[in-house]
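The structure under discussion appears below in the form of C-alpha cells.
The values are calculated or read from the model by the stated rules, or taken from the named source; none is laboratory data. Please read all numbers here as calculations on a predicted model, not as lab measurements. Positions of Cβ are generated from backbone atoms using ideal geometry, with glycine treated the same way; all protein chains shown enter the neighbour counts.
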Amino acid sequence: MTDAPPVSQRSAQLAPGALRARLKSFEFRKEREESWRELEELVARVETKGIAALSADDLHRLPALYRAALSSLSVARAISLDRNAVAYLESLAARAYVCVYSTRRGGWASLVRFLDSGFPDLVRSLRRPLWLAAALLLLGTACGFALTVAEPERYYSFVEPAMAAGRGPTSTREELLRGLVDSDSPVSRLSQFASFLFSHNAKIGMACFALGFFAGVPVMLLLFTNGLSLGAMIAVHWQKGLALDFLAWVLPHGVTELLAVCLCGAAGLAVGESLVFPGMHRRLDHLAERGRTAGAVVIGAVGMFFIAALIEGFFRQLVDGLVARATLAFATGTVWLFYFTMAGARRRGGAR
Amino acid sequence: MRSGTSALRLELLTPEHVTLPFEVAAVSQRFLAMIVDLFVMGGLLLGVVLLLMAAFAIGGTSADSYIGAIAVILFFLIRNFYFSFSELRWQGQTFGKRRLGLRVVARDGGPLSAEMVLSRNLTRDIEHFLPVIVLFSPELILGEAPGWTRFGCLLWLLLVAVLPLFNRQRARLGDLVAGTVVVVAPRGVLLPDLVHEGERRPKAPEFSFTREQLDIYGIEELQVLEEVLRRDASDELYGDICERIKRKIGWSRKRWDVPPEAFLRAFYAAQRARLEQKMLLGKRQERKIR
C-alpha cells in the first residue's frame, strides 16, 4: 500500500494551477457570495427590529434575495462539497424563509377585513357543528326545564350557587322579581360585574375550543349542562308565573351570549370532528386545517362575549320595561342573523 | 428534559419546493422560554396593578369600580393574549422564545398565518394553567366530584401537559390544532472557503496527486477533513492524519517528508475538485472504497 504509484500514471497528475478552474463550487461561491451577505444583513435587521425596520426598497429586495438564496442552495447541494457553505446556505435560506413567510402585521386593515367578511364566512363554514351545538344547548334547556318542573329539588344540582344568587324554588315571587330588576344597584358596580362576566365567559368559550381535541365529547357535555342550568332557571321562574319576565331579563344579552357559546361549542365540535372523521385527509393535517378556522371563530366569539357583557352591564339598565327589553333582545337577534347570513356572502358573490 | 438527546430534524418544503432543514426545539428549551414569558407576563400584570393603585389614589372611591372593571379586562387580555400578541408582532416569537432562540413555523411549510398563532395559543389555558391549578388546589376545578373522577381528570390533564414529550415534532396540543412546529431559529456562519485560503499560501508544486490517489476517499471523509481543517487542530493531529492519508493513497516515499498542514490543505483542494467533478458527471462517491 505504501508503494509509489507507477510511473505511467504520473502523466495524469493534476497541476496545482489547473485546480482553481476545475473547482466549480469555488467560482460559484465567489459569484454569489455578495448577494448572500446582503440577504444576511437584511434578515439580521428583521430579526432584531422586526419587518417594519426595512425601507420600501429593502422590503422589495428581500423576497428576490430570498429566492436567489434558495436557488443558490439548490445548486450548492448539487455541485458543492464545501459542507460549511451548504450548511450556511441552508440556515440563511431558513432564516429568510421565516422572515418572508411569517405573519404580516395587518393591524386595523386585517381586523376590518376579519369583521367584514372573514368572521361570517368562517361561521358559515361551521354551519353543521353550529346546528349541532345549538341543538345540544336547546336539548339541555328542555331537559333542565322538564326535570326541574317535575322535581324542584333538582334545581340545586343544575344551577351553581354563584349563578343562582340566592334564587331557587323556595324563593317567593317577590324575591325572584327583585332579581330581575337590577336598577337599584349602581351602574358602576355593574360595570365591574360585566367585565368579570366577560372574562369568565370568554375563558369558558376558549376552553370549549381546546376541549374539542378530545373528540368533542367534553364540548357536548358542556353545552348540555349549560342548557340544563338555563332550563332550570326558566322552570323556577315559570312556576311563579315570571317566565316572560325572566326571558326578557336574560335575552337582551343572552341572545348574543348564547350565540357566542354555540359558536365556541361549534368550534370545539369541528375540531373533534376533524379528528374522528378525517375523511380523505391525513388526520393531523385535517385537524390543523379545521383548527385554524375554528380558532378564528373563537376569537370572534370572544368579541361577542364582550358585546354581551356591555349589554348586560349597561344597556339593560337603561331599558326596564318588558316590551323594551324584548325589543332589545329581538333587535340583537336580528342583527346577528343578518350579519352571519348576509355579510361576506356579498363579497364572495362578487369574487366569482 | 430531553435537550441532551440527539436533536430532531424537520424538513419543511417551502412554497418554492426547496426543502429546508430545521431543528425541532427541545422540550426543555420551550419550557424555559415559557418560564421567561410567564415572568414577563407577571411583570406586566404587576405593572397594571401598580398603575391601578395609582389610579385609585388619584380617582378616589367614586371611580373605583370602573377601575376594577378595567383591571379585570386588562388581566384577561394579558393572561389570554400575551402569547398571541407577541407571536403576531415578532413573526412567531415571544420574548422568551427570542431569548432562547426559538421560533414558531407552519408545519406545512407555508406562511405562518394569524389564525395559526391565535389557535395555538387558545389552548394554552387547558394545557398549562389548568393542570397546575388542579395539581395544587383540585377543589377549585373539580369541586366535590368523587375520587375516581378526580383522579381521572388529573391523569388526563397531566397527559395533555406532557404531550410534547411523546411525539416527534415535540408538538403540544395547540401545535397540533394549529398545525405549527416550534423550531430552533437557524443560525449559520459563512466561513472562508478552505480552497480560497489555500491559495494565499505559498504555492507548493510538490503536492500533486494522481487520479487514482484521489479516487480512494469519498465525500464523508472529505467533509471530516474539512471540519478538522476548520477547527485549526494541533500539529500532532495534522501529522497523524497526514501519515494515514499518505499511507492509504500510496504517497511516494521520495516525497514522504512534507509539512502536514500544507499537505492536508492541498489534498483537501485536490480531493474536493475530483469529487465535485465526479458529482457533475452523476457519480456521488459517498465513502471511501476500501
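Here are a few things to note about the model shown:
- Residues in the range B:256-290 that are more than 9 Å from every other protein chain (Cβ to nearest Cβ), more than 13 Å from residue B:215 (Cβ to Cβ), of a type outside the set (Phe, Trp, Tyr) and in contact (Cβ under 8 Å) with a residue 24 or more places away in the chain: 8 in all.
- Checked against (1) of a type outside the set (Ser, Thr, Tyr); (2) touching a helix residue (DSSP H, G or I) at 6+ places or on another chain (Cβ under 7 Å); (3) under 25 Å from residue A:289 (Cα atoms); (4) within 12 Å of chain B (Cβ to nearest Cβ), residue A:46 meets all criteria but (3).
- Matching residues in the range A:86-115 - criterion: being in contact with a Lys or Arg (Cβ under 8 Å, 6 or more places away or on another chain) and modelled with pLDDT under 85: A:98, A:105, A:106, A:110
- Helices (runs of 4 or more DSSP H) within the range A:22-131 that include 2 or more residues farther than 24 Å from residue B:103 by Cα and charged (D, E, K, R): A:24-49, A:56-79, A:119-125
- Some residue of the range B:110-128 being within 26 Å of residue A:301 (Cα to Cα), modelled with pLDDT under 85 and small (Gly, Ala, Ser): yes
- Failed criterion for residue B:247 (all others in (1) touching a Gly at 6+ places or on another chain (Cβ under 7 Å); (2) loosely packed, with under 13 Cβ neighbours inside 10 Å; (3) within 9 Å of chain A (Cβ to nearest Cβ) hold): (1)
- Filtering the range A:62-74 to residues that are more than 7 Å from chain B (Cβ to nearest Cβ) and either of a type in the set (S, T, N, Q) or more than 17 Å from residue B:21 (Cβ to Cβ) (or both) leaves A:62, A:63, A:64, A:65, A:68, A:71, A:72.
- Taking the criterion of being assigned to a helix (DSSP H, G or I), more than 8 Å from chain A (Cβ to nearest Cβ) and touching a residue at least 40 places away in the same chain (Cβ under 8 Å), the residues of the range B:215-244 that qualify are B:220, B:221, B:225.
- Residue B:20 vs. criteria within 14 Å of chain A (Cβ to nearest Cβ), modelled with pLDDT of 85 or more, outside any helix (DSSP H, G or I) and farther than 30 Å from residue B:76 by Cβ: yes
- Matching entry among A:44, A:76 (being within 29 Å of residue B:227 (Cβ to Cβ), in contact with a Leu (Cβ under 7 Å, 6 or more places away or on another chain), modelled with pLDDT under 90 and of a type in the set (Gly, Ala, Ser)): A:76
- Sole residue being modelled with pLDDT under 80 and surrounded by fewer than 20 Cβ atoms within 10 Å (Cβ to Cβ), chosen from A:177, A:139, A:221: A:177
- Residues satisfying the stated conditions in the range B:147-168, i.e. within 30 Å of residue B:23 (Cα to Cα) and of a type outside the set (S, T, N, Q): B:156, B:157, B:158, B:159, B:160, B:161, B:162, B:163, B:164, B:165, B:166, B:168
- Tally, over the range B:138-170, of residues that are at pLDDT 70 or above and within 24 Å of residue B:121 (Cα to Cα): 18
- Some residue of the range A:111-124 being facing another protein chain (nearest Cβ under 8 Å) and either closer than 23 Å to residue B:189 by Cβ or surrounded by fewer than 16 Cβ atoms within 10 Å (Cβ to Cβ) (or both): no
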